[in-house]
Amino acid sequence: MARALAAAAAHSSSSLFTCAAAPTTHFRRRLKFSSGVHVTKPTSMSYHHPTIEVIGNLLVPQLTTLKRPYNPYPVIGWNCHLETIFAAWFRTLPEVRFKRQCLRSQDGGSLTLDWVAGDVSKLPVNAPVLILLPGLTGGSEDSYVRHMLLRARSKGWRVVVFNSRGCGDSPVTTSQFYSASYTEDIREVVKHVSSRYPEAKLYAAGWSIGANILVHYLSQESDACLLTGAVSLCNPFDLVIADEDFHKGFNNVYDKALASSLRKIFKKHAPLFEDMGGEFNIPLAASAKTVREFDDGITRVSFGFKSVDDYYSYSSSSKVIKNVRIPLLCIQAENDPIAPSRGIPYEDIKGNPNCLLIVTPKGGHLGWVAGEEAPRGAPWTDPLVMDFLQNLESNARSHTSSSGSNRQNENVYHKV
């Protein structure tokens, strides 16, 4: 996704220094620093640095990474478009050797998993597993995905990238791609991973549309979810609002770039869509200049929606996050041009004790060019994500160990 956004943006003559994402009213009691970064003035003793906003209390005292300041990299990190494009084009792409596995879904589709080659023999069977869901048209070849993958592996985690249908050079075997709220594919993937590693705890992290799909899945699974925890990054949350902003100013560049990527995927598998009747508009999808046109031609029809607006409204994960029943960390950038901060469901997140929301003052979309590895290394968010996941894993192991000890004591008692 990131490279798709940058490809068109790099050749655009539009004004790069007018950020379409307007500040929200949620950063209160602000101080203004010389760099132009707004921060929240702490009103009392806090577990987090005042440069970030924290909604919720889930694991907050245990997350030492929250004490780090968010200092955007000079110049690059001061503008949402510049940061988004820089991260897409110039962030390093770590070398990773993958072993691909293709699953056949119930509807005959192909689900592609990229595992890290050699991890089967290197890691214990109970090593925690992290499933990664890239953004729209993204896959295991994206830099933000690989940086997260390597950080998790360095902590002893097993990592697998789930490439959505047609993404990451994965095959398409039915006349259906994927949608922002279609969860059957991730459901089958989680079940497969769980059966493959029954002794391991499972976790997931998603970016952008991948995050939106993940939140939908969590809400549907509720208490029966096979995942122990999850992370959502750059989630557009309210797709109606995101669609509105997509057609404003410089954001049109991103819209065209993503539409181009969708067209390429579609044209590669066009024979599957020949002679499609009903409301399908194949010519519109094949020549789509915007994501909305592509969704109108294929996506909303494939998934039974009457209109694009109906599809976007239903598919907004902001409406269902209140139903999440496992620990969920959400990280957003206030100036994200593609996932507008005004679409963040602040109240529903605040009212759900299973959710924790972190909002950074800058970051763009899939950018977060800040921290020790800036400007070309891992995003500022990666250490925070692993801090959250490792605390969950540690707590889960402690609970398992404690439960085992209690059962052992009960057995001794009964024997006596």
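The values are calculated or read from the model by the stated rules, or taken from the named source; none is laboratory data. Note that this is a predicted model, so its numbers are computed, not measured. Note that we place each Cβ from the backbone using ideal geometry, even for glycine, and neighbour counts take in every protein chain shown. Calculation scope for accessible area: heavy atoms of the full protein, side chains included, ligands and nucleic acids excluded. Shrake-Rupley method; radii C 1.70, N 1.55, O 1.52, S 1.80 Å.
For region 46-163, compute the orientation-averaged projected area of the C-alpha convex hull (one quarter of its surface), in nm². Display every interim value, and only then the final one.
On the way: hull surface 41.7 nm².
For region 46-163, averaging the hull's shadow over all directions gives 10.4 nm².
Sort region 186-285 into rounded, prolate or oblate with this rule: let a ≥ b ≥ c be the square roots of the eigenvalues of the Cα gyration tensor; rounded if a/c is under 1.5, and if a/c is not under 1.5, prolate when a/b is larger than b/c, oblate otherwise.
Details: a/c = 2.53, a/b = 1.51, b/c = 1.68.
In terms of gyration-tensor shape, oblate.
Just check the chain against the gyration tensor rule for me: Cα atoms, a ≥ b ≥ c as the square roots of the eigenvalues, rounded for a/c under 1.5, and otherwise prolate or oblate depending on whether a/b exceeds b/c. List each step's numbers first, then the result.
Values: a/c = 1.65, a/b = 1.13, b/c = 1.45.
Note, shape of the chain comes out oblate.
Treating cross-link reach as a plain straight distance, find the aspartates and glutamates whose alpha-carbon is under 12 Å from the alpha-carbon of Lys264, omitting any fewer than eight places away in the same chain.
Hits, sequence-local ones excluded: Asp169.
Points 7 angstrom from Cα along the Cβ direction at Asn323 and Asp119: gap in nanometres?
For Asn323 paired with Asp119, the spin-label model returns 3.0 nm.
Write down the accessible area per residue of the chain in Å², having rolled a 1.4 Å probe over the full set of protein chains. Provide the component values of the computation, followed by the final result.
Working: 17440 Å² over 416 residues.
For the chain, the per-residue accessible area is 42 Å².
Please state the shape class of region 93-152: rounded when a/c is under 1.5, otherwise prolate if a/b exceeds b/c and oblate if not, all from the C-alpha gyration tensor. Could the numbers behind the result be given before it?
On the way: a/c = 1.94, a/b = 1.17, b/c = 1.66.
Oblate.
Order of 227-239, 353-365 by packing, highest average Cβ count within 10 Å first?
Working: 227-239: 27.0, 353-365: 24.2.
Taking the mean over residues of other Cβ atoms within 10 Å, the ranking is 227-239, 353-365.
Which order do the peptides 70-82, 329-341, 268-280, 109-121 take when ranked by the mean count of other beta-carbon atoms within 10 Å per residue, highest first? Before the final figure, lay out the partial values.
Values: 70-82: 21.1, 329-341: 26.6, 268-280: 11.8, 109-121: 17.2.
Output ranking for 70-82, 329-341, 268-280, 109-121: 329-341, 70-82, 109-121, 268-280.
Say the cut-off is 21 Å between C-alpha atoms; which of Lys99/Lys122; Lys248/Lys289; Lys99/Lys256 go over it? Each step should come with its number before you reach the end.
Details: Lys99/Lys122 14 Å; Lys248/Lys289 15 Å; Lys99/Lys256 32 Å.
With Cα atoms farther than 21 Å apart: Lys99/Lys256.
How much of the calculated P(r) for region 94-200 lies past 21 Å, in percent of all Cα pairs?
Here the long-distance tail beyond 21 Å is 32 percent of all Cα pairs in region 94-200.
So for region 127-270, Kirkwood radius off the Cα pairs, Stokes-Einstein at 10 °C and 1.306 mPa s: how many µm² s⁻¹?
Values: Rh = 16.1 Å.
Diffusion coefficient, whole number: 99 µm²/s.
Rank Val291, Ala374, Ser302 by how far each Cα sits towards the positive end of the charge dipole of region 261-416 (+1 on Lys, Arg Cβ; -1 on Asp, Glu Cβ) and give me just the farthest.
Among Val291, Ala374, Ser302, the one farthest towards the positive end of the dipole of region 261-416 is Ser302.
Please work out the C-alpha center-to-center distance from region 257-292 to region 125-168 and express it in whole Å.
27
Measure out, as a whole number of angstrom, how far apart the alpha-carbon centroids of region 179-256 and region 47-91 sit.
So the two Cα centres are separated by 21 Å.
May I ask you to compute the full-extension gain from Ser313 to Lys155, defined as 0.36 nm times their residue separation minus their alpha-carbon distance, rounded to one decimal in nm?
Working: separation 158, 0.36 × 158 = 56.88 nm, distance 3.87 nm.
Stretched out fully, the Ser313 to Lys155 stretch lengthens by 53.0 nm.
Considering only the other residues whose Cβ falls under 13 Å of the Cβ of Gly206, what net charge follows from Lys and Arg at +1 and Asp and Glu at -1? Spell out each step's value before the answer.
On the way: positive: none; negative: Asp142, Asp185.
Value of the local net charge: -2.
If region 266-416 were replaced by its equivalent ellipsoid, with semi-axes equal to the square roots of 5 times the Cα gyration tensor eigenvalues, what would those be, largest first, whole Å? The partial results should precede the final answer.
Numbers: eigenvalues 360, 126, 57 Å².
In descending order the semi-axes read 42, 25, 17 Å.
Over the chain, what percent of the accessible surface lies on carbon and sulfur atoms, probe 1.4 Å?
On the way: 9110 of 17440 Å².
Solvent-exposed carbon and sulfur of the chain make up 52 percent of the total.
Using r as the Cβ-Cβ distance of Arg97 and Asn126, and R0 as 25 Å, what FRET efficiency do you calculate, to the nearest 0.05? Each step should come with its number before you reach the end.
Details: r = 23 Å, r/R0 = 0.94.
Given R0 = 25 Å and the Cβ-Cβ separation, E is 0.60.
Could you work out the percent of alpha carbon pairs in region 317-374 separated by over 14 Å, rounded to a whole number?
Numbers: 935 of 1653 pairs.
Across region 317-374, Cα pairs with separations above 14 Å total 57 percent.
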